[in-house]
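Worksheet: one structure, shown below.
The values are calculated or read from the model by the stated rules, or taken from the named source; none is laboratory data. In this text, all values refer to a predicted model and were calculated from it rather than measured experimentally. Cβ atoms come from the backbone with ideal geometry, glycine included; neighbour counts cover every protein chain shown.
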(Lines give C-alpha, C1' and ligand atoms only; values in the text may rest on other atoms or scores of the structure.)
Protein backbone atom coordinates (compact mmCIF):
# COMPACT_ATOMS: atom_id res chain seq x y z
CA UNK A 1 0.00 0.00 0.00
CA UNK A 2 1.62 3.21 -1.15
CA UNK A 3 1.34 6.54 0.64
CA UNK A 4 -0.68 7.97 -2.26
CA UNK A 5 -3.34 5.30 -1.87
CA UNK A 6 -3.38 5.77 1.90
CA UNK A 7 -3.72 9.56 1.49
CA UNK A 8 -6.50 9.12 -1.09
CA UNK A 9 -8.43 6.75 1.16
CA UNK A 10 -8.05 9.13 4.10
CA UNK A 11 -9.23 12.18 2.11
CA UNK A 12 -12.08 10.31 0.44
CA UNK A 13 -13.34 8.89 3.74
CA UNK A 14 -13.00 12.30 5.39
CA UNK A 15 -15.05 13.91 2.59
CA UNK A 16 -17.69 11.19 2.84
CA UNK A 17 -17.98 11.32 6.63
CA UNK A 18 -18.14 15.11 6.70
CA UNK A 19 -20.80 15.09 3.95
CA UNK A 20 -22.87 12.71 6.04
CA UNK A 21 -22.37 14.95 9.08
CA UNK A 22 -23.74 17.90 7.09
CA UNK A 23 -27.01 16.03 6.65
CA UNK A 24 -27.19 14.41 10.08
CA UNK A 25 -26.22 17.34 12.29
CA UNK A 26 -28.94 19.07 14.33
CA UNK A 27 -27.01 22.33 14.80
CA UNK A 28 -26.59 24.56 11.74
CA UNK A 29 -23.12 25.75 12.76
CA UNK A 30 -21.90 22.16 13.05
CA UNK A 31 -23.28 21.47 9.57
CA UNK A 32 -21.41 24.45 8.15
CA UNK A 33 -18.14 23.33 9.75
CA UNK A 34 -18.63 19.83 8.33
CA UNK A 35 -19.39 21.39 4.93
CA UNK A 36 -16.13 23.37 5.06
CA UNK A 37 -14.27 20.17 5.99
CA UNK A 38 -15.83 18.39 3.03
CA UNK A 39 -14.83 21.20 0.66
CA UNK A 40 -11.24 21.21 1.96
CA UNK A 41 -10.96 17.41 1.57
CA UNK A 42 -12.21 17.64 -1.99
CA UNK A 43 -9.70 20.43 -2.70
CA UNK A 44 -6.94 18.18 -1.36
CA UNK A 45 -8.15 15.44 -3.72
CA UNK A 46 -7.89 17.93 -6.60
CA UNK A 47 -4.30 18.65 -5.56
CA UNK A 48 -3.58 14.92 -5.69
CA UNK A 49 -4.92 14.94 -9.26
CA UNK A 50 -2.50 17.79 -10.17
CA UNK A 51 -5.40 20.21 -10.64
CA UNK A 52 -4.03 22.96 -8.45
CA UNK A 53 -6.07 25.75 -10.05
CA UNK A 54 -9.34 23.93 -9.41
CA UNK A 55 -8.27 23.28 -5.81
CA UNK A 56 -7.46 26.96 -5.23
CA UNK A 57 -10.78 28.03 -6.75
CA UNK A 58 -12.56 25.44 -4.61
CA UNK A 59 -10.99 26.83 -1.45
CA UNK A 60 -11.42 30.50 -2.34
CA UNK A 61 -14.97 30.34 -3.66
CA UNK A 62 -16.62 27.64 -1.62
CA UNK A 63 -14.77 27.70 1.69
CA UNK A 64 -13.89 31.37 1.58
CA UNK A 65 -17.17 32.78 0.35
CA UNK A 66 -20.10 30.40 0.64
CA UNK A 67 -19.32 29.09 4.12
CA UNK A 68 -18.57 32.59 5.44
CA UNK A 69 -21.85 33.93 4.01
CA UNK A 70 -23.79 31.08 5.62
CA UNK A 71 -22.08 31.71 8.97
CA UNK A 72 -22.80 35.46 8.79
CA UNK A 73 -26.43 34.70 7.98
CA UNK A 74 -26.67 32.43 11.00
CA UNK A 75 -24.96 34.92 13.30
CA UNK A 76 -27.13 37.84 12.20
CA UNK A 77 -30.38 35.93 12.70
CA UNK A 78 -31.97 36.47 16.09
CA UNK A 79 -32.04 33.33 18.19
CA UNK A 80 -35.51 34.08 19.63
CA UNK A 81 -37.10 34.14 16.19
CA UNK A 82 -35.59 30.78 15.27
CA UNK A 83 -36.67 29.17 18.54
CA UNK A 84 -40.25 30.50 18.30
CA UNK A 85 -40.70 28.90 14.87
CA UNK A 86 -39.73 25.48 16.25
CA UNK A 87 -42.62 25.46 18.71
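Tabulated results
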| read-out | value |
| --- | --- |
| Among the candidates 84, 50, 25, residue that is more than 12 Å from the chain's Cα centre (by Cα) and modelled with pLDDT under 90 | 84 |
| Any hit, segment 6-17, residues being free of Cβ contacts under 8 Å to residues at least 40 places away in the same chain, crowded, with 17+ Cβ neighbours inside 10 Å, touching a helix residue (DSSP H, G or I) at 6+ places or on another chain (Cβ under 6 Å) and under 23 Å from residue 77 (Cβ atoms) | no |
